[in-house]
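Only one structure is covered here, and it is reproduced in the block below.
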Amino acid sequence: VIDAGQPEHSVVTTCAYCGVGCSFKAEMKGGQLIRMVPYKGGDANHGHACVKGRFAFGYATHKDRICEPMIRESIEEPWRAVSWDEAIHFAANRLKETQSRYGRESIGGITSSRCTNEETYLVQKLIRAAFGNNNTDTCARVCHSPTGYGLKTTLGESAGTQTFDSVMEADTIVVIGANPTDAHPVFGSQVRRRLREGAKLIVIDPRRIDLLKTPHGGEAIHLPLRPGTNVAMVNALAHVIVSEGLEDKAFIEQRCDQTQYTAWREFIQEERHSPEAMEAVTGVPADLVRQAARAYAANGNGAIYYGLGVTEHSQGSTMVMGIANLAMATGNLGREGVGVNPLRGQNNVQGSCDMGSFPHELPGYQHVGDAAVRARFSDVWGVAIDDEPGLRIPNMFDAAIAGTFKGLYVQGEDIAQSDPNTQHVEAALTALDCLIVQDIFLNETAKYAHVLLPGSTFLEKDGTFTNAERRINRVRKVMAPVAGLADWEVTMALSNALGYPMNYRHPSEIMDEIALLTPTFAGVSYDKLERLGSIQWPCNDEHPEGSPTMHEVDFPIGKGRFAVTEYVATEERTNRKFPLVLTTGRILSQYNVGAQTRRTENERWHEEDLLEIHPSDAELRGIHDGDWLGISSRVGRTVLRAKVSERMLPGVVYTTFHHPGSGANVITTDSSDWATNCPEYKVTAVQVEKVSQP
Ligand code: SF4
């Protein structure tokens, strides 16, 4: 951190790390960013910030930044630095050749939850209009795609229902598969404040997370369930609510579809879902589950917050629907202090999903199979839109290995490091004829690329991010792009070289087009964002200044739809060879695969990923703190050092994935959510043994 005294000027912008979306004043002096000061006028953070947003911005000017476009004929050759013009035309020609040889469907692209809404919109438009197919997907595939499916199916909209501030009205706060104090620190502090005021806390997580240590006036209940048994747990909670008469009958009658409610009620009342019957599955004592169900359903406002511990499972979508069932059954929707709230990991996961990154949905979650929707887009874009959903990321990998998918454009996502079963991903990337990587660093994926296009950080462009509470925040340019072009300008150049014209002069013009085509963004403009500071969608004629709370009067689908949520055990079973379950998570000072934070002072606080193991499992294997451990799964093996910790359940081990060398994804498997293919990162059967050295 440079402390250079008084700034010459400052620019208000939005943090590019987590889904809280804190506002900062970027203070500049002599052309350099000298400080990030939490902005009191920020609607998501009100002047608060964490160690990532406040201090970890040095990566933007790190010596490792890619400053020139590079190309090579094959991945065996060294990179050759070229002009933007040469790189863009090389990329466009390769994509054209690939399509003429293997067909229109043989190429696709991946959008980034790190980039702005406007950039994401342009990438999916490039794929649909210039590539001529729907082979677009997003890194949200590997995190919150089950949220999209589960909330849209039950509540009619793929988004969290509340503002963060709404938690201050909650009487019971339920945190499921999330660790807000590390992964969403500013919101985590807000939860702590509310707990100190006396709210009850329920944590459903195999790990004893830090929120449970918060001194608070209210009761705290920890349900330390076995990884992979979320749906059994949510069904047991619902069973208690129904069997003990804790439902909100008026809400259910007025707001929910009665046919689906009746079917769900009959299902959930079956004795096999009772906490007593489920105890053998979840490992959680039945009386604790009953206490938790009563605390959520009969203690005023109940608010649920959940994270990747819900979504990254083979039943991720089922669990999201189970959570929505709980909220509908207890009437905990449509006002302050309640709701169903996914805590999005990255700064713009919500936005990248909103902007039509999925292969079956155009911006605003409008299905490509709907002829009226396609006609509206065709009118504005001037091309026909394919009516068949395209390939998801795992399907792209499979098709690449099968030889039918040969070209990929990846903006701001390190798929080689962040997707599961690294060996499979690498085999797919090696099989491509044309891999175009657009990123700020030479990442792991770039090792397989033919074209490297320098990316731009959030400090180098204008645009918007949408945080986990649907809040559209402005991102403002603080400095010039180090390589001369912002990401949206690169996508435009590629599109023009492919023969589909894109000529926006400023991201505000892209937002105007988004508003024209996306009903939930119909009232959004840069002028309005300047006036209001931020806007929570839906923003339209009905809600011209946005919608802090969703579903106040009705659901976008009319009535809320209960879903029958049958528990199905994961196929990733433990056995004598792989007796432990590995689950993964994050730490406060680092961020995701660490590409940014490892290039800042934050690295000093967490220099390596460790394997947390319960003392009983450690003792059995003669393991002590700091020992080197070999960790083997059915697909691979890696080596980490040990941290013996009582935060783990016996039989469960845990690691973070912030360093490429940790190899967490070398051992995670191809198992995925049945509805969305979100990988089952949270359950991998492993064996752990002491080794002498890595
Ligand atoms: Fe950035 Fe999230 Fe920290 Fe806020 S809480 S400063 S958005 S990382």
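With Cα atoms as the point set, the radius of gyration and Dmax of the stretch 120-255 evaluate to 18.9, 58 Å. Applying a DSSP loop filter and a limit of 13 other Cβ atoms within 10 Å to the trypsin sites (Lys or Arg not before Pro) in the stretch 482-572 leaves Arg505.
If you take the beta carbon distance between Thr61 and Leu532 as r and set R0 to 22 Å, what does 1/(1 + (r/R0)^6) give as a FRET efficiency, to the nearest 0.05?
0.10
Ordering of 462-473, 624-635 by packing is 462-473, 624-635, highest average first (other Cβ atoms within 10 Å, averaged per residue). A simple packing score, the average count of other Cβ atoms within 10 Å per residue, orders the peptides 549-555, 453-459 as 453-459, 549-555, with the highest score first. If you wrap the stretch 482-572 in the convex hull of its Cα atoms and look at it from every side, the mean projected area works out to 12.1 nm². Within the stretch 110-139, whose backbone N sits under 19 Å from a point 7 Å along Cα→Cβ of Asp387? Backbone N within reach: 128-129, 132-135. Only Cα pairs under 8 Å and 6+ residues apart enter the sum, and on that basis the relative contact order of the stretch 192-298 stands at 29 percent.
The 1.4 Å probe gives accessible areas that order Arg194, Arg647, largest first, as Arg647, Arg194. Amide hydrogen proximity for Ile34: with H placed 1.01 Å from N in the peptide plane, the residues at 5 or more positions away or on another chain lying under 5 Å are Glu27, Met28, Lys29.
The solvent-accessible area of Cys115, taken with every protein chain present and a 1.4 Å probe, is close to 10 Å².
Using only alpha carbons, the stretch 199-254 has a radius of gyration to Kirkwood radius ratio (Rg to Rh) of 1.07. Fully extending the segment from His367 to Glu689, taken as 0.36 nm per residue of separation minus the present Cα-Cα distance, adds 111.0 nm. Ranking of Val564, Val373, Val51 by solvent-accessible surface, largest first: Val564, Val51, Val373 (1.4 Å probe, protein heavy atoms only, all chains present). Neighbours of Ala130 by Cβ distance under 12 Å: Lys/Arg scored +1, Asp/Glu scored -1, total +4. Contact order for the stretch 324-469, expressed relative to its length and based on alpha carbon pairs under 8 Å spaced 6+ residues apart, stands at 21 percent.
With both labels modelled 7 Å from their Cα along Cα-to-Cβ, the Arg272 to Asp165 distance reads 4.7 nm. Using C-alpha pairs under 8 Å with a sequence gap of at least 6, the mean separation divided by the residue count of the chain gives a relative contact order of 19 percent. Probing with 1.4 Å while keeping every protein chain in the model, the per residue accessible area of the chain equals 34 Å².
Normalised by residue count, the chain yields a Cα convex hull volume of 149 Å³ per residue. Less than 11 Å Cβ to Cβ from Ser23, Lys/Arg counted +1 and Asp/Glu -1: what total charge do the surrounding residues give? Its environment carries a net charge of +4.
Shown for the stretch 455-582: the carbon plus sulfur share of the solvent-accessible area, taken with all protein chains present and a 1.4 angstrom probe, equals 49%.
The values are calculated or read from the model by the stated rules, or taken from the named source; none is laboratory data. The shown structure was predicted, so the numbers you read here are calculated from the model rather than taken from an experiment. Reconstructed Cβ throughout: ideal geometry from the backbone, glycine too, with neighbour counts over all protein chains shown. Just so you know, the surface numbers come from the protein's heavy atoms only, side chains and all, with ligands and any DNA or RNA stripped out. Shrake-Rupley method; radii C 1.70, N 1.55, O 1.52, S 1.80 Å.
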